[in-house]
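Here is the structure we will look at.
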Amino acid sequence: MTKIVARATDSDSNRRETPTPKESGSRVYLLVQWATQQRELTVVLVTLSVIIYFGIANSAFYTTANIITICQYLASFAVIGFGEVLILSLGEIDLSAGAVYLSSPWFMYFFWHNGMPIGWAIVASMACCAVIGMINGLITVWLNVSSLIVTLAVNYALFGIVLIGSNDIQVDMPGQTGLFSIIFGVGAWSTTLWAAAIMLTIWALLKRTRFGLHITATGGNLLAAAESGIRVRRVKVWCFIIISCASGLIGILDAIRIGTVNPGSSGLDTVLPGIVAAVVGGTALTGGRGTIFGAALGAIFLGVLEDGFNLIGVNANWFYLAEGVMILVAMIANTQLGDLARRIRR
Amino acid sequence: MTEAESPLVGADSTPDATLAASDMVLETVGLTKRFGAVVVLRGVDLHLRRGEVLGLVGDNGAGKSTLVKILCGFQAPDTGQIYIDGKEVSFRSVADARRFGIETVYQDLALVPQLTVAQNLFLNRELTVFGKLGWLSAGRMRRLAKSYLEDIKVEIPDINAEAESLSGGQRQAIAVARATRQNAKILLLDEPLAAMGARESALIVDLVKDLSRNHGVSMIVIDHNYTHLFELCDRLNVIQQGHIAFDQQVKDTSVEELTKLMVSEYHRELAEGQRLLKE
């Protein structure tokens, strides 16, 4: 990573010294060309500079305890972000993933409360998540309703279901002891490792399998994909199921880690950082382009930002303004570099 | 490996000037189609030989696009028969027609811009390892795509380039290549040279000639531009008033003759219109 930075600045100074950029040789050109082809490069640079800044500003930033805090914090929207990469690659959007994340521990709690063993309660809860994803997908592809609206409606419906089922009373999560708890959320690195595993799985799915290729094809050119015989509707429904299951799983883990679940949390506040992570990482909102590692970097960027602002003691009133501005800066850097890359490739 | 060895249909057939019956890949007899009171096709007898490039000309409303829609399986004729390789067939869908080896190639609709040349060539026919898991064997597909493109002499600088970064001509060539690689033996090309520069056009003209002469692929080219048609085709059919009014080898006709034909048809229609107006 540091190598990239060093070479990038090297090319900058090169350009300044030579009066005519044409004569500065093809080396600079090749380097710029290479750099612009790395879709994740901007967010790497932006995240690195934020990390360096907070490290200098507060020595507590680099402590293991703080790194664990950041990782635990960002696991949720990283995983939601990975799912959104699939959905955005299709040219769709899923606003219900946050509500699924918040309601899956409730489903698990209800099953457990009614006598199911905790392991089976998790499985049953995941099945509920799969059904929710399937409903999102089926309404979107068969009834031709925009996924934005479908998933927004499902988001509110799930919120309502949790409120009704819980009577608006906070509960303690089961599974707080033993090896089970260490694997499923309570262990310091548990959620982080789960998130990493989900990242690798979804990455392999998107970039190494037929199914993933068909996701890109469906989002890139729906007509061509359908013409070639790809069952585009089925691809879409499966992606909605995958994001729901991933969000639901990380939701259960986070709930076990925290120990209690609160029925009043807002799903949108949870899903939007996930979408931001995916988009800041370089996934196009218009479909056809998705990068899982980009979403991971985007999630790290958001996590570091939130944690860093807390550490250096930014006034709470200023916090959201700063976060908003930083997201904008990252996004503008991203699109500008993308435009530059396109111009150079022409 | 079998993929690499026999990617082309009819690669073994040699161009032959004699009119053997087996040389007829596509034949229609008395195709008719009406939409309500409007009779669009009134008995189209079209034939296409193996390795032949047939140009289809006709004014708007002459029935050209309806004929093409019937041939690619998008619409069914009211009456009449379609024969492929001498056997009567009926298409119920575009996929059905494709199964019989007829495929329409669209310039901009065919490719996924974000996928590479190799990925586009193998779209939905991907090679995988571990069977059901669908793990892509990307290296093998790249190699096969490369050798196939070399086979049909399509020069693409980088097999890993995204389709988006290619020129219009290259995209068209890839779209054609995909159809033939997936065993299409009759291609329907809709204005294949539209909006292309001289070099781009040359690329497609060469590809069309190579595929038809050396690989036995037959093609029907639909175009309004006579220059393009004379460049690409072996034979021309003019459709007027719902049937084939003119059928000539390209070497036996000229742009002038064709223009004259179209203009006289235009005047006939004009007179007809005026007569109707008077009544």
Name the residues whose placed amide hydrogens come within less than 5 Å of the amide hydrogen of B:Thr104, ignoring near sequence neighbours (fewer than 5 apart) on the same chain.
B:Leu188
With a ≥ b ≥ c from the Cα gyration tensor eigenvalues, square-rooted, and the rule rounded for a/c under 1.5, otherwise prolate when a/b > b/c and oblate otherwise, chain B is prolate
Where does each of A:256-269, A:317-330, A:221-234 land if you order them by average Cβ count within 10 Å, highest first?
A:221-234, A:256-269, A:317-330
Would you mind checking the pairs B:Lys33/B:Lys260; B:Lys87/B:Lys260; B:Lys87/B:Lys132 and listing those with alpha carbons more than 30 angstrom apart?
B:Lys87/B:Lys260; B:Lys87/B:Lys132
Along its three principal axes, how long is the protein assembly as shown when you only count alpha carbons? Whole Å, largest extent first please.
87, 70, 59
Under DSSP H, which helices of chain A have Cα atoms covering 30 Å or more of the helix axis and a Kyte-Doolittle average no less than 0.0?
A:64-89, A:118-142, A:232-258, A:316-345
Would you mind working out the magnitude of the charge dipole of chain B relative to its Cα centre, with +1 at each Lys and Arg C-beta and -1 at each Asp and Glu C-beta, to the nearest 20 Debye?
700
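Count neighbours as other Cβ atoms within 10 Å of each site's Cβ, and list the chymotrypsin sites (Phe, Trp or Tyr not before Pro) in the stretch B:108-141 that are DSSP loop with at most 13 such neighbours. Don't jump to the answer; show the numbers that get you there.
Values: sites: B:Phe122, B:Phe130, B:Trp135; in loops: B:Phe122, B:Phe130.
Sites meeting the loop and neighbour criteria: B:Phe130.
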Kindly put A:Trp106, A:Trp238 in sequence by how many other C-beta atoms sit within 10 Å of each C-beta, fewest to most.
A:Trp238, A:Trp106
Over chain A, the sum of -39500 (n - 2.57) across DSSP H runs of at least four, divided by residue number and rounded to 500 deg cm²/dmol, gives at 222 nm -26000 deg cm²/dmol
Antiparallel versus total DSSP beta bridges in the protein assembly as shown: what percent is that, nearest 5?
65
Return the long-range amide H neighbours of B:Val40 (sequence gap of 5 or more, or a different chain), with a cut-off of under 5 Å between placed amide H atoms.
B:Lys33, B:Arg34, B:Phe35
Given the peptides B:245-254, A:300-309, arrange them by the average over their residues of other C-beta atoms within 10 Å, most packed first.
A:300-309, B:245-254
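Across the residues of A:223-233, average count of Cβ atoms on other protein chains within 10 Å?
Per residue, the number of nearby Cβ atoms from other chains is 5 on average.
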What are the lysines whose alpha-carbon lies under 25 Å from the alpha-carbon of B:Lys209, with same-chain residues fewer than 8 places away excluded?
B:Lys64, B:Lys69, B:Lys146, B:Lys153, B:Lys185, B:Lys251
What does the net charge come to around B:Ala95 if you take all other residues with beta carbon closer than 15 Å to its beta carbon, with K and R at +1 and D and E at -1?
+3
From the Cα gyration tensor of chain A, with a ≥ b ≥ c the square roots of its eigenvalues, which class applies: rounded if a/c is under 1.5, or else prolate if a/b is larger than b/c, or else oblate?
oblate
B:Arg34 paired with A:Tyr156, simple spin-label distance in nm, labels 7 Å along Cα-to-beta-carbon:
5.4
Of A:Met134, B:Met219, how do they rank once you tally other Cβ atoms within 10 Å and put the fewest first?
A:Met134, B:Met219
Cα long-axis angle, helix B:255-278 against chain B (0 to 90 degrees, to the nearest 10)
50
Toward the positive end of the charge dipole of chain A, about the Cα centre and with charges on Cβ (Lys, Arg +1; Asp, Glu -1), which of A:Val276, A:Ser103, A:Ile252 goes farthest?
A:Val276
If you fit an axis through the alpha-carbon atoms of helix B:168-181 and take the longest principal axis of the Cα set of chain B, what angle between them do you get, 0 to 90°, nearest 10?
80
Run down the lysines and flag those whose C-alpha is under 24 Å from the C-alpha of B:Lys278, throwing out any fewer than 8 positions away in its chain.
none
Defining a contact as two alpha carbons under 8 Å apart and six or more residues distant in sequence, what relative contact order in percent does chain A show?
33
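Throughout, read-outs are computed from the coordinates displayed, never taken from laboratory work. Just so we're clear, the structure is a prediction, and the values are computed from it rather than from any experiment. A quick note on method: Cβ atoms are made from the backbone with ideal geometry, for glycine too, and the neighbour counts reach across all protein chains shown.
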